[in-house]
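All remarks here apply to the structure that follows.
The values are calculated or read from the model by the stated rules, or taken from the named source; none is laboratory data. Computed from a predicted model, the values in this text were never measured in an experiment. Glycine gets a Cβ as well: all are built from the backbone with ideal geometry, and neighbour counts include every protein chain shown. Only protein heavy atoms, including side chains, enter the accessible area calculation; ligands, DNA and RNA are left aside. Shrake-Rupley method; radii C 1.70, N 1.55, O 1.52, S 1.80 Å.
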Amino acid sequence: MADFVLAETTCDGKKKMFELMGESRATYLMELPQKSDDPIAFEKWIREVEKFKKFLEERYGRRITDTALQSAIGVMNRERDLRRRLAD
């Protein structure tokens with residue numbers, strides 16, 4: 001019941017599981033850097049996010065702008081806040 005699976009490469013077991021899932025459903029594999037404090041790893045992470053953004057834009061035929069992204073974040077933050085208040 002998902003448009004696609006966003007898979008990540010944190011361990012060999014997950015990579016194999018996502019590889020098998022990819023045989024039956026659309027899967028996007030995102031490579032995560034292993035060292036969070038490495039400047040080169042951070043640059044790689046930025047490139048991975050940019051590639052994922054391009055994938056989403058092509059898949060859904062919509063451009064993702066900073067303004068639209070900020071607006072969506074605001075809506076989701078508001079929804080999350082309301083859910084917390086409701087739960088309290």
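Points to keep in mind about this one:
- Residues considered: ILE64, ILE73. Of these, the only one that is touching a Lys or Arg at 6+ places or on another chain (Cβ under 6 Å) and at pLDDT 95 or above is ILE64.
- All positions within region 37-57 that are basic (Lys, Arg) and over 16 Å from THR9 (Cα atoms): LYS53, LYS54
- Conditions (1) among the basic types (Lys, Arg); (2) surrounded by 10 or more Cβ atoms within 10 Å (Cβ to Cβ); (3) assigned to a loop (DSSP other than H, G, I, E, B); number of the one not met by ARG63: (2)
- Pick from region 7-56, criterion under 27 Å from LEU69 (Cα atoms), open to solvent by 80 Å² or more (accessible area, probe 1.4 Å) and aliphatic (A, V, I, L, M), ranking: farthest from the chain's Cα centre (by Cα): ILE40
- Test: residue in region 1-17 that is acidic (Asp, Glu) and not in a helix (DSSP H, G or I): yes
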